[in-house]
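The values are calculated or read from the model by the stated rules, or taken from the named source; none is laboratory data. What you are looking at is a predicted structure, and each value in this text was computed from that prediction instead of being measured. Here the Cβ is made from the backbone with ideal geometry for all residues, glycine too, and neighbour counts use every protein chain on show. In case anyone asks, the SASA skips ligands and DNA or RNA and just uses the protein heavy atoms, side chains included. Shrake-Rupley method; radii C 1.70, N 1.55, O 1.52, S 1.80 Å.
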Amino acid sequence: MAMNQTRVNQLADRIQVIVAEMLERRVKDPRLGFVTVTEARLTGDLRDATVFYTVLGGDQDHTGTAVALESAKGLIRSEVGRRLGLRHTPSLTFVADAVPENAKHIEDLLRRARDSDAEVARRAAQASPAGEADPYRVPRTDEDLADED
């Protein structure tokens, strides 16, 4: 039996908070880097929770954190179950959130576009028109005709 989406979302938000608190206070693991729990999603039947996280640092920090989360999963899950008070404690899956990498990639692309636009503007400022300064034909006026006499 599926719950209504609002209730599912509220429980997911609580799971996010509980996991974040556990990682901050209870889970003492040297492999755990600077972890931020970015989101938790819960299936409609409340059986499975996916916890998204980011880690500050390099590949070693990412790997160490993934291993530490996996080994602390049981402890975290039992705390989630205790605090949510559901009949069935959802299983937990930890997923590294790709958002920061994507955001950095987008920032790089935007920076390159800005640099390119600046270069185009710089070149345009130094450019002079090809051909005559005023390439448009100007209709002849009576004065022009009088000058030819």
Within segment 1-28, which residues are aliphatic (A, V, I, L, M) and open to solvent by less than 80 Å² (accessible area, probe 1.4 Å)?
MET3, VAL8, LEU11, ALA12, ILE15, VAL17, ILE18, VAL19, ALA20, MET22, LEU23, VAL27
Out of THR43, THR89, THR38, which single residue is touching a residue at least 12 places away in the same chain (Cβ under 8 Å), among the polar types (S, T, N, Q) and in contact with a strand residue (DSSP E or B) (Cβ under 7 Å, 6 or more places away or on another chain)?
THR38
So in segment 29-40, with the set limited to residues that are β-branched (Val, Ile, Thr) and over 16 Å from PRO90 (Cβ atoms), which one is surrounded by the fewest Cβ atoms within 10 Å (Cβ to Cβ)?
THR36
